[in-house]
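Read through the structure below, which is laid out as structure tokens, and then see the notes.
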Amino acid sequence: MLDATSLTDVMAGRVVVPRDVDWDDARQTYNLMIEQDPAVVALPADERDVAAVVKFAREQGLRIAPQATGHNAGPCGSLEGTILTRVSEFREVSIDREACRVRAGAGIKWERLTPQLSELGLAALHGSSPDVGIAGYSLGGGMGWLARKHGLQTNSVTAIELVTADGELVRTDPFHNPELFWALRGAGGNFGVVTTIEFAVYPVDELYAGAMFFPFERASEVLHAWRELLPIVPDELMSWVALLHLPDLPHVLEPARGGSFAVLMAAFLGEEADGRELLRPVRHLKPALDTFGMVRPIALSTLAMDPPMPIPYWAGLGTGS
């Protein structure tokens, strides 16, 4: 077992080792089918702690795996000889309404930010789950409900602060360390431990959004109708079809709990009449359940019905457009 005493002595935050009672909690991922087994788990309290972890890892010949929520833990592979560095304590968040800008610590999840933005008539380019960390989602690209109109979340990032491999705290943006800024946006954060991220958000008071549920055996009809629709819809409409076997859990709409469906989900930056007309070819198939209507941006956080808690699961990826 790695002796982490010297690291503990130079950190304000904690270091969790396998013999600690909270070891399993410290290394848990969102997908409970993935078990992470690092050498230790570091819980830095600030940037100085992150720099101390980097220095210790370099001296001990260890790797570092930065992580906030553990939503995309699979690609990390084996964590043997690795310090799992959980940045969940970086929880600073501020909104500049006039400039449509947000500054968020690397430990902030979308669920903390999106309600505030919605109240201000703003929307961020978040994805399907409010439980996902903002930083990891942004560094990995981030395709969300408004992507066809506003692009990937990573393209809305305006600045990033991180601790690099040499232990230096760096702020990078289009004018300072521009090559590092270019590399970070979309590469998944492999160039240091990100501590803070800044990005643009967009004025949205209301939009037309919801889901249509069709019996699972009608999946072929739904997919063909959706495919024929895609070439003619404007950039303001983002849609997604999923084949779902839904659990009997409270976060699932009651009429759909425990059932199997072909589900079309969509968000349209426009008025209800225009949105209904655009989706008419699919609605013509007469869904068993139709939740579409004019909603505030916060409604997009739960539109995909992603589980709000860690669970074991298998998932196959389809295509959104």
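The values are calculated or read from the model by the stated rules, or taken from the named source; none is laboratory data. For clarity, every value in this text was computed on a predicted model and none was experimentally measured. Because the Cβ atoms are built from the backbone with ideal geometry, glycine has one as well, and the counts that use them run over all protein chains shown.
Quick notes
- Residue match in the stretch 263-275 (condition: surrounded by 14 or more Cβ atoms within 10 Å (Cβ to Cβ), at pLDDT 95 or above and either over 27 Å from H150 (Cα atoms) or among the basic types (K, R) (or both)): no
- Spans of strands (runs of 3 or more DSSP E) in the stretch 1-113 with at least 2 residues out of contact with any helix residue (DSSP H, G or I) (no Cβ under 8 Å at 6 or more places or on another chain) and modelled with pLDDT of 90 or more: 93-96, 101-105
- Filter pass, S220 being surrounded by fewer than 17 Cβ atoms within 10 Å (Cβ to Cβ) and not acidic (D, E): yes
- For the condition closer than 23 Å to V163 by Cβ and either in the same structural domain as V193 (by TED's automatic domain parsing) or touching a residue at least 40 places away in the same chain (Cβ under 8 Å) (or both), A12 does not qualify.
- Extreme residue, farthest from V102 (Cα to Cα), among residues of the stretch 123-158 that are in a helix (DSSP H, G or I) and of a type in the set (G, A, S): A147
- Exclusive hit being modelled with pLDDT of 95 or more, charged (D, E, K, R) and over 20 Å from the mean Cα position of the chain (by Cα), set D166, D235: D235
- Here S239, S220 are screened, and the one residue that is out of contact with any Asp or Glu (no Cβ under 9 Å at 6 or more places or on another chain), part of a strand (DSSP E or B), small (G, A, S) and not assigned by TED's automatic domain parsing to the domain that holds H150 is S239.
- Boolean, A209 is under 20 Å from the mean Cα position of the chain (by Cα), of a type in the set (A, V, I, L, M, F, W, C) and either more than 22 Å from A51 (Cβ to Cβ) or outside any helix (DSSP H, G or I) (or both): yes
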